[in-house]
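The values are calculated or read from the model by the stated rules, or taken from the named source; none is laboratory data. All values reported here derive from a predicted model rather than from experimental measurement. With ideal geometry, Cβ positions are generated from the backbone for all residues, glycine too; neighbour counts draw on all protein chains shown.
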């Protein structure tokens with residue numbers, strides 16, 4: 001099924017960086033995605049709910065939210081728990097969407113297998129109270145033109161005073177030497193490490209996962225690329241499109257950018 005999903009995306013977009021990331025998730029990362037955060041699923045949801053509140057989203061009765069690159073649904077479920085009446089959760093990984101469907105219970109979350117660049121197909125102009133693209137998803141796009149295209153569509157889909165919430169890793173500052181080797185998570189049966197290779201406008205992320213099996217340890221590996229997105233460049237683009245940028249600052253290990261239509 002996962003390979004079939006990648007084939008469907010390939011038919012739409014060809015051999016692009018975004019498709020390489022979809023294949024990386026299908027062939028390696030989706031199986032280990034929730035595990036690598038090192039906490040129970042519900043604890044991660046609660047963490048994201050608290051993060052969204054800190055970023056300005058208060059509990060209450062809200063309209064529609066879109067979660068772009070939703071993964072297994074940490075933010076989608078958090079948004080529903082904050083009172084959004086409908087959450088449209090979009091991702092290219094069928095495995096991660098299946099995990100979200102198994103976790104959402106009766107919450108008003110609609111899962112959609114699609115490229116996040118096409119999110120405007122699933123919402124009419126001026127209908128969304130919030131659009132979130134969190135957890136470094138934004139860096140998965142092919143280039144800055146794609147990022148600007150997502151911002152423009154967000155402006156069109158958001159209702160007046162609607163908010164766009166972005167979190168991403170600031171990869172504009174290059175790590176060197178051994179600092180490029182990052183431990184992700186480990187337990188008795190799995191060890192995950194990633195190694196970063198910096199290029200002018202992208203970073204190659206090499207994921208290495210050692211899995212204990214009956215015959216010993218097996219190394220599973222794959223790589224993909226992320227965009228190096230300077231935060232001020234994103235803020236300037238949002239301002240150019242008519243957004244009011246409310247937040248543009250480091251937030252833990254991520255960078256947060258909150259913009260209001």
Checklist entry - Taking region 38-63 on its own, how many of its residues are in a loop (DSSP other than H, G, I, E, B) and more than 15 Å from residue 130 (Cα to Cα)? => result 3
Item to check | Out of 136, 146, 118, sole residue that is under 16 Å from the mean Cα position of the chain (by Cα) and either modelled with pLDDT under 95 or not assigned by TED's automatic domain parsing to the domain that holds residue 51 (or both) | outcome: 136
Checklist entry - Looking at region 20-37, which of its residues are part of a helix (DSSP H, G or I) and under 14 Å from residue 135 (Cα atoms)? => result 36, 37
Checklist entry - In the list 163, 204, which residue meets the criterion of being touching a strand residue (DSSP E or B) at 6+ places or on another chain (Cβ under 6 Å) and in the same structural domain as residue 255 (by TED's automatic domain parsing)? => result 163
Checklist entry - Looking at this structure, is residue 113 crowded, with 21+ Cβ neighbours inside 10 Å and modelled with pLDDT of 95 or more? => result no
Checklist outcome for this item: Considering residues that are surrounded by 19 or more Cβ atoms within 10 Å (Cβ to Cβ) and touching a helix residue (DSSP H, G or I) at 6+ places or on another chain (Cβ under 6 Å), the number found within region 35-51 is 4
Checklist outcome for this item: Inside region 72-95, the number of residues satisfying the requirement of being within 19 Å of residue 37 (Cα to Cα), surrounded by 24 or more Cβ atoms within 10 Å (Cβ to Cβ) and touching a residue at least 60 places away in the same chain (Cβ under 8 Å) is 3
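This table checks each residue for (1) surrounded by fewer than 21 Cβ atoms within 10 Å (Cβ to Cβ); (2) under 30 Å from residue 221 (Cβ atoms).
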| site | (1), (2) |
| --- | --- |
| 149 | yes, no |
| 156 | yes, no |
| 162 | no, no |
| 177 | yes, yes |
| 181 | yes, yes |
| 184 | yes, yes |
| 189 | yes, yes |
Checklist entry - If you go through region 246-261 one residue at a time, do you hit one that is surrounded by fewer than 16 Cβ atoms within 10 Å (Cβ to Cβ), assigned to a loop (DSSP other than H, G, I, E, B) and at pLDDT below 95? => result yes
